[in-house]
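Would you mind keeping the following structure in view while I ask a few things?
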Amino acid sequence: MNRRSHALPLYILAAILAATVLPALATSASHPPLTPAQRIARIQSRIGRLEHREVVSRAKGKTHRLVKVQARLARLQARVGKFTSEIAHH
């Protein structure tokens, strides 16, 4: 009885992975970094979504989630403050 595995050898899988993943990584790495204003806009968008989640959590009485959402909001608001102070100093 032939018990040979029908799986691809590891070196073939590595070659396939390198051929597909490396070009994708190279194209994503060429994007310019975000400006502080763009970062602030993204963070404020996230804050808006979290504030909505906070309202929904309050309405449903889910206090455990509410605490997590409030903690995330505080962290994001601190980041916005940091970026706005960086912009003000430049």
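A short reminder: the numbers here are calculations on the coordinates, not readings from a lab. Fair warning: this is a prediction, and the values are worked out from it, not measured in the lab. Backbone-built Cβ (ideal geometry, glycine too); neighbour counts: all protein chains shown.
Nothing charged except the Cβ atoms of Lys and Arg (+1) and of Asp and Glu (-1): what's the magnitude of the dipole of region 20-90 about its Cα centre? Round to the nearest 20 debye.
Its charge dipole is roughly 460 debye.
At 7 Å along Cα-to-Cβ for each site, give me the label-to-label distance between residue 12 and residue 75 in nm.
Result: 4.4 nm between the two label points.
Mind ordering 30-36, 62-68, 40-46 by average Cβ neighbours within 10 Å, highest first?
Ranking, from highest mean packing down: 40-46, 62-68, 30-36.
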